[in-house]
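Report on the structure given below.
What follows draws every value from the coordinates through simple rules; no lab data is involved. Since this is a predicted model, take the numbers as computed values, not measurements. Methodologically, a virtual Cβ is constructed for each residue, glycine included, from the backbone with ideal geometry; neighbour enumeration extends over all protein chains shown.
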Amino acid sequence: MSRPRVLLILGYFDWFAGYQEAALAPWLARHAEVEVVASDRVSPMFSDEHLSRLGIPRRYEIRSSAERGLRVTRFPCAEWRGMVWSGEARRYVAAQHYDAILQVMPGQGLPLAGTLIRSKAYRASLYGDNSAMWSHLSPLARVAKGAAFAATKGVAYTAVNARAQAVYGYTPETVGRLRLFSAGRAMRVLPLAFDPERFFFDPTLRRRARAEYGFGDDDIVVIAAGKYQDKKRLDLLLDATEAALATIPNLRLLIAGVDTTTSAAPLLQRVAKSPAVAERTTFRGFLDTQTLNEAFNAADIGAWPRMPAITIQQAMGTGLKVVIPRNPWVSHLITNGAGTYFVESNPEGTEQLTQALVSEASSGLADNARGARVRGNSWLGADRVAHTVLSDAGLVTS
């Protein structure tokens, strides 16, 4: 019996970023013949400076190639404000036969091709829109942005969803925000996933990584990981760490994803003002998947002061205890003792964050407790999420 053919169509497909599509695609390919159709561009979320440090060009080769058990086909596209389009890609997709078309982030433009073609394929649309994208704007600018969205992308989303059999949002807030544009379809939460073969806990790896970082056996290591942006407010984590040292003198801080040359200069200056924090803080640049998994294994607690990030789920895949703000972007993540929510009392306040760090540092750091968290967080694994999508499409039964 032939395996079903599944298309993932999206504007940008970057393996190195570890986003939802990169985690799901190889697991979908275990049950189906999967093809990814995308532009030849790297996501504009990554600056030229960032890509230069990683040794990645801004554009990919225009070709179709076998990668990680699936086929990736890239087309030259016109690009404008984070959206891409290719008539050639639309014609290519129209000429293929697929059993299912997964339109990932339709706001990127190219996924609309899956709506514009004639096909009997099952269609599903996947969205990640949330207010975190606009949170740094002024109230007036947010209103203007919302109005522009409703008149442009909102119309496109309604058209996509009208032809879809399933509509997913990555967070509860996504589902709530896009309900107006759901075209009457019931929207469901499809959580951002981690790849369990790339993010896992290994006691031997943990001991080796801690030794390489120079962490002592008694050190309690807090990690903040992800592409650095000012709006993520890592300065608040520095303040909380400084306050927590009065209770946990063996606290250490590992910050991964920070450019130590230009954009993070204010953060580095903040560290320099506090010798106690400076001597306990280790900085690393953007880490590849393997090195990031090692860093998570070396740490004990992961902390994200303000903004959501895929690194939260990746950390949870390693059984790391997580400390995150209680908000609709991440309100669905912590179950089974996986960590602590803290309340954001005011824009500059860190008392609740400090208390959460102290609380999580007091217990549950042993290997057996961490292993239990890995099992408890397995529902966020890409294997489980991919199975959900294929099951909904009627392409797998067990």
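For the chain, adding -39500 (n - 2.57) for each run of n ≥ 4 DSSP H residues and dividing by the number of residues yields -10000 deg cm²/dmol at 222 nm. Find out how many positive minus negative residues lie around Arg185, taking Lys and Arg as positive, Asp and Glu as negative, among other residues whose Cβ is under 14 Å from that of Arg185. Once all neighbours under 14 Å are counted, the net charge is +3. As an equivalent ellipsoid, the stretch 305-389 spans semi-axes of 23, 17, 8 angstrom, where each value is the square root of five times an eigenvalue of the C-alpha gyration tensor, largest first. A P(r) calculated from all alpha carbon pairs of the stretch 227-315, with 5 Å bins opening at zero, reads 3, 13, 26, 27, 21, 10, 1 percent. DSSP beta bridges fully contained in the chain are about 15 percent antiparallel. Cα-based values for the chain, radius of gyration first and Dmax second, are 21.4, 66 Å. Of the three principal axes defined by the Cα atoms of the stretch 203-380, the extents in descending order read 40, 37, 32 Å.
The residue among Thr115, Met83, Gly55 whose Cα reaches farthest toward the positive pole of the charge dipole of the stretch 47-134, with charges on the beta-carbon of Lys, Arg, Asp and Glu, is Thr115.
Short-range pairs are left out: with C-alpha atoms under 8 Å and at least six residues apart, the relative contact order of the stretch 203-380 is 25 percent. Net charge dipole, the stretch 186-266: roughly 300 debye, given to the nearest 20, about the Cα centre with Cβ charges of +1 for Lys and Arg and -1 for Asp and Glu.
Taking the Cα centre of the stretch 203-380 as origin and assigning +1 to Lys and Arg Cβ atoms and -1 to Asp and Glu Cβ atoms, the resulting dipole is close to 400 debye. Note on the chain: with charges restricted to the Cβ of Lys and Arg (+1) and Asp and Glu (-1), its dipole about the Cα centre is near 1360 debye.
The local environment of Arg3, defined by Cβ-Cβ distances under 14 Å, has a net charge of 0 under the rule Lys, Arg +1 and Asp, Glu -1. Other residues within the sphere of radius under 14 Å centred on the Cβ of Ala100, judged by their own Cβ, net out at +1 (K and R +1, D and E -1). Note on Lys273: lysines with a C-alpha under 25 Å away, same-chain residues under 8 apart excluded, are Lys227, Lys231, Lys232. For the chain, averaging the sequence separation of C-alpha pairs within contact (under 8 Å, six or more residues apart) and dividing by the residue count gives a relative contact order of 15 percent. Diffusion of the stretch 86-125 by Stokes-Einstein, at 25 °C in a medium of 0.890 mPa s and with Rh set to the Kirkwood radius over alpha-carbon pairs, works out to 242 µm²/s.
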